[in-house]
Amino acid sequence: MFWTTHDPTTLNRQGADVGTQYRSAIFYMNERQKELAEKSKREFAPTLWNDPIVTEITPASEFYVAEDYHQNYYNENPNAGYCRVVINPKVRKMREKFADLLKDELR
C-alpha cells in the first residue's frame, strides 16, 4: 500500500504540498524493519514507478503528537476542501485497490 498511495519519487513534496514534512519516508525501529524497508524500496517500488525512488529510510526518533485539532482530522472534517480534493481520491484508490486487505468497516 505504501508505494502505491503516494508518490515516492518527489523530494519533499506530495502534490501541491511542499516541504520536508511532506517527504516520503519510512521510519524504522529495529534492524529487521530497516532491512525490510530497504528490500521493498529496492525490489518492489521500482516495479511501480519509472522515476528514481527518493523515499528516506531512517531510524525512528522522538515522536511528537499533533495538536488536538489535527487528531482524526479527515473523519472530523470530511467536507473540508483539502479532504475532498486531495484525500478523498487517495482513500478511494486505496479502498478499490486493496479492498481484500481492509477490515469490512473500511471497505
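The values are calculated or read from the model by the stated rules, or taken from the named source; none is laboratory data. As the structure is a computational prediction, the values presented were derived from the model and not from experiment. No Cβ is skipped: glycine too gets one built from the backbone with ideal geometry, and neighbour counts run over all protein chains shown.
Take the residues of the range 1-43 that are polar (S, T, N, Q), out of contact with any His (no Cβ under 9 Å at 6 or more places or on another chain) and surrounded by 12 or more Cβ atoms within 10 Å (Cβ to Cβ): which is farthest from CYS83 (Cα to Cα)?
Filtering the range 1-43 for residues polar (S, T, N, Q) gives 4-5, 9-10, 12, 14, 20-21, 24, 30, 33, 40.
Next cut, out of contact with any His (no Cβ under 9 Å at 6 or more places or on another chain) only: 4-5, 9-10, 12, 20-21, 30, 33, 40.
Next, from what is left, pick out any that are surrounded by 12 or more Cβ atoms within 10 Å (Cβ to Cβ): 4-5, 9-10, 12, 33, 40.
Numbers: THR4: 19, THR5: 15, THR9: 23, THR10: 21, ASN12: 20, GLN33: 31, SER40: 29 Å.
Once the filter is applied, the top-ranked residue is GLN33.
Return yes when PHE63 is more than 12 Å from the chain's Cα centre (by Cα), loosely packed, with under 10 Cβ neighbours inside 10 Å and either of a type in the set (S, T, N, Q) or over 21 Å from ARG92 (Cα atoms) (or both) and no when it is not.
Values: more than 12 Å from the chain's Cα centre (by Cα): yes; loosely packed, with under 10 Cβ neighbours inside 10 Å: yes; either of a type in the set (S, T, N, Q) or over 21 Å from ARG92 (Cα atoms) (or both): yes.
Here the answer is yes, as PHE63 does meet what is asked.
Is it the case, given these coordinates, that ARG32 is in the same structural domain as THR4 (by TED's automatic domain parsing) and among the charged types (D, E, K, R)?
Values: in the same structural domain as THR4 (by TED's automatic domain parsing): yes; among the charged types (D, E, K, R): yes.
It is true that ARG32 is in the same structural domain as THR4 (by TED's automatic domain parsing) and among the charged types (D, E, K, R).
Of all residues in the range 24-60, which are in contact with a helix residue (DSSP H, G or I) (Cβ under 6 Å, 6 or more places away or on another chain) and among the charged types (D, E, K, R)?
Of everything in the range 24-60, nothing turns out to be in contact with a helix residue (DSSP H, G or I) (Cβ under 6 Å, 6 or more places away or on another chain) and among the charged types (D, E, K, R).
Anything in the range 44-59 that is more than 16 Å from the chain's Cα centre (by Cα) and either surrounded by 15 or more Cβ atoms within 10 Å (Cβ to Cβ) or in a helix (DSSP H, G or I) (or both)? List them, or say none.
If the condition is that a residue be more than 16 Å from the chain's Cα centre (by Cα) and either surrounded by 15 or more Cβ atoms within 10 Å (Cβ to Cβ) or in a helix (DSSP H, G or I) (or both), then PRO46, THR47 are the ones that fit.
Starting from residues that are under 30 Å from LYS39 (Cβ atoms) and assigned to a loop (DSSP other than H, G, I, E, B), keep the ones in the range 60-100 and report whichever is modelled with the highest pLDDT.
Within the range 60-100, the match that is modelled with the highest pLDDT is ALA60.
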